[in-house]
Amino acid sequence: LLGADGEVAPTIFAEMSALAGRTGAINLGQGFPDDEGPAEVLEAARRAIADGQNQYPPGRGTPDLRAAIAEHQERFYGLSWDPGSEILVTAGATEALTASLLALLEPGDEVVVFEPFYDSYAAAIALAGARLVPVRLRWPGFQPDPEELAAAVTDRTRAILVNDPHNPTGTMFTAEVRSLVVELAERHDALIITDEVYEHLAFARAHSPIAAIPGARDRTISISSGGKTFRTTGWKIGWLTAPAELVTAILTVKQYLTYVNGSPFQPAIAAGLRLPDAFFDELALDMRAKSEALGRGLDAAGFAVSRPAGTYFTVADAASLGYDDAAEFCRALPGLAGVVGVPLSAFVTAEHHDEYRSLVRFAACKRIGMLEEAAGRLAQLA
Ligand code: PMP
Ligand code: GLN
């Protein structure tokens, strides 16, 4: 992970945000919103600080936030979890993922991961001494091939890691794929770990968690975060729901990673999770409008575009503009058009770079005016 100069190499997201900063390009690289989250949520954090909620919270998270997570899971998915034993608050989804993998994997265990994948997965699996087994999602639909998935899961598989809705492709897995994941996990006695941080940014259809599929609940760790839903990516309040014995195992790791996190932000995320349905409905509609605005801009610029079903992201093929190396294209793009994107090769194993070589991820989590400005700039490429 060290760069040629011996310094820690920045993540692709940090590198691309720095490039946008240096060049003044519009940053459609790193996924973070450019407008504020709901006033009730921001105000609840200010109030918590003023009220003196500034010391260590309980190790599992504040009882009120755990109650709010349980209510939210019941309201949206009909799932019931015991706030006392089956819910853990974490430092973002990132810590929930890393603590789960460190707690539940033995060296040499295999973890089946859909590729391309969010960059922290490979690092956390490597920290646990385990082996990542990729199952490819292919342009343009990005659904896995059921036979490839079935072949990847064996008795060596300790966990299947599912990110749905999916970063970076914007795909949402079909009901058949989700059921197959559960069937394979049962057959091979594997755990399922789900990363659902984009649960409320699903706009092609409503998100449906794997834990709700019969047979899944007892072997599934479901992970989410307040960052995307409440536009508070810097607060790093995440959580997981799982059977009590799994939560206990993960808590033993979490207590030595961060111990606890984000005292005054916990009541604020609890307030967010209790917002009325209209907030969540509007959030998905807003994301759809932004995604469509970005898609129109990419079309007009001459890219082939994979239409996302959810998330902040849209994948486009730069080969249709005559660029077959997206990493080079992304480094040149600020100069060519004043926009920053991220090459998909940043999300894949070295063996599979070539398959994703010309694909670029653009983020649509920006104000419509900004996306239109980006579209105008990208039109110069056509
Ligand atoms: N998983 C995915 C798929 C993500 O896109 C992100 C956010 N970039 C995370 C996890 C991390 O979430 P958090 O900021 O809550 O740690
Ligand atoms: N999740 C965001 C993305 O995929 C960025 C998170 C990060 O910078 N680590 O762009």
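Every number in this text was worked out from the coordinates using simple rules, so none of it is lab data. The model shown is predicted, which means the values in this text are computed figures rather than measured ones. Please note: Cβ atoms are built from the backbone with ideal geometry, for glycine as well, and neighbour counts cover all protein chains shown.
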Original post:
Okay, helix-only estimate at 222 nm for the chain: each DSSP H run of n ≥ 4 adds -39500 (n - 2.57), divide by all residues, round to 500 deg cm²/dmol; what do you get?
Top reply: -12500 deg cm²/dmol
Subject >> In Hz, Karplus ³J(HN,Hα) per residue of region 275-281 (6.51, -1.76, 1.60; θ = phi - 60°; x = Gly, Pro) >> reply: 4, x, 3, 4, 4, 6, 4
Original post:
For Asp119 and Glu282, FRET efficiency with R0 = 25 Å and r from the beta-carbon atoms, rounded to 0.05?
Top reply: 0.25
**OP:** Please figure out what share of the DSSP beta bridges in region 39-273 is antiparallel and state it in percent, rounded to the nearest 5.
**Re:** 35 percent
Subject >> Placed amide H near Arg136: partners under 5 Å, 5+ positions off or other chain >> reply: Glu115
**OP:** Taking 7 Å along the Cα-to-C-beta vector as the label spot, tell me the Thr248-Ala204 distance in nanometres, rounded to one decimal.
**Re:** 4.1 nm
Original post:
Calculated FRET efficiency, Tyr56 and Glu36, Cβ-Cβ r, R0 25 Å, to nearest 0.05?
Top reply: 0.35
Subject >> Net charge contributed by nearby residues that have their C-beta within less than 13 Å of Asn261 (K/R +1, D/E -1) >> reply: +2
Subject >> Long-range HN-HN contacts of Ile221 with modeled amide H, under 5 Å >> reply: Ile192, Ile193, Thr194
Original post:
If you place +1 on the Cβ of every Lys and Arg and -1 on the Cβ of every Asp and Glu, how big does the dipole about the Cα centre of the chain come out, in debye to the nearest 20?
Top reply: 640 debye
**OP:** Return the long-range amide H neighbours of Ala91 (sequence gap of 5 or more, or a different chain), with a cut-off of under 5 Å between placed amide H atoms.
**Re:** Ala96, Gly238
**OP:** Among Ser222, Ala204, Phe265, flag the residue with its Cα farthest along the positive direction of the charge dipole of region 39-273, charges on Cβ as +1 for Lys/Arg and -1 for Asp/Glu.
**Re:** Phe265
**OP:** Could you go through region 43-55 in sequence order and give the Karplus-derived ³J(HN,Hα) for each residue, using 6.51 cos²θ - 1.76 cosθ + 1.60 with θ = phi - 60°, rounded to whole Hz, and x for Gly and Pro?
**Re:** 5, 5, 5, 4, 5, 5, 5, 4, 7, x, 8, 10, 9
Original post:
Tell me, what is the FRET efficiency for Glu372 and Glu186 to the nearest 0.05, using R0 = 45 angstrom and their Cβ-Cβ distance as r?
Top reply: 0.40
Original post:
Which aspartates and glutamates does Lys236 reach when only Cα atoms under 13 Å apart count, and residues fewer than 8 places away in its own chain are ignored?
Top reply: Glu95
